[in-house]
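The values are calculated or read from the model by the stated rules, or taken from the named source; none is laboratory data. Please read all numbers here as calculations on a predicted model, not as lab measurements. So basically every Cβ, Gly included, is an ideal-geometry build from the backbone, and we count neighbours across all protein chains shown. These accessible areas exclude ligands, DNA and RNA; they are computed on the full protein's heavy atoms, side chains included. Shrake-Rupley method; radii C 1.70, N 1.55, O 1.52, S 1.80 Å.
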Amino acid sequence: MYKKEWIEYYEFLEMLRQSGATNMFGAAPYLEKHMGLDRKEARAVLNSWMENYDALLEDGVIVR
């Protein structure tokens, strides 16, 4: 289950994915730099986004 309080981060990650700026496995530093997260939380958000990608799409949190 994804965290509703992280929706802003999930949206950022989807924007990043669509931009093609990085392989998503390397996206945590982007969360750190652009969203002000520390390393541990950035990795947790990224992991959650990856694990819950289909649910995020189904719920309309992110749009392809």
Can you name the residue in segment 30-42 that is within 15 Å of residue 16 (Cα to Cα) and of a type outside the set (A, V, I, L, M, F, W, C) and, of all such residues, is nearest to the chain's Cα centre (by Cα)? 30
When every residue in segment 1-22 that is among the small types (Gly, Ala, Ser) and not in a helix (DSSP H, G or I) is compared, the one surrounded by the fewest Cβ atoms within 10 Å (Cβ to Cβ) is 20
Scanning segment 39-50 for residues that are out of contact with any helix residue (DSSP H, G or I) (no Cβ under 6 Å at 6 or more places or on another chain) and touching a residue at least 12 places away in the same chain (Cβ under 8 Å) gives 48, 50
Cβ-Cβ distance below 6 Å, separation of 6 or more or different chains: which pairs start in segment 23-38 with a residue that is surrounded by 11 or more Cβ atoms within 10 Å (Cβ to Cβ) and end on one that is charged (D, E, K, R)? 24/17; 28/43
Failed condition for residue 47, given (1) part of a helix (DSSP H, G or I); (2) open to solvent by less than 70 Å² (accessible area, probe 1.4 Å), with all others met? (2)
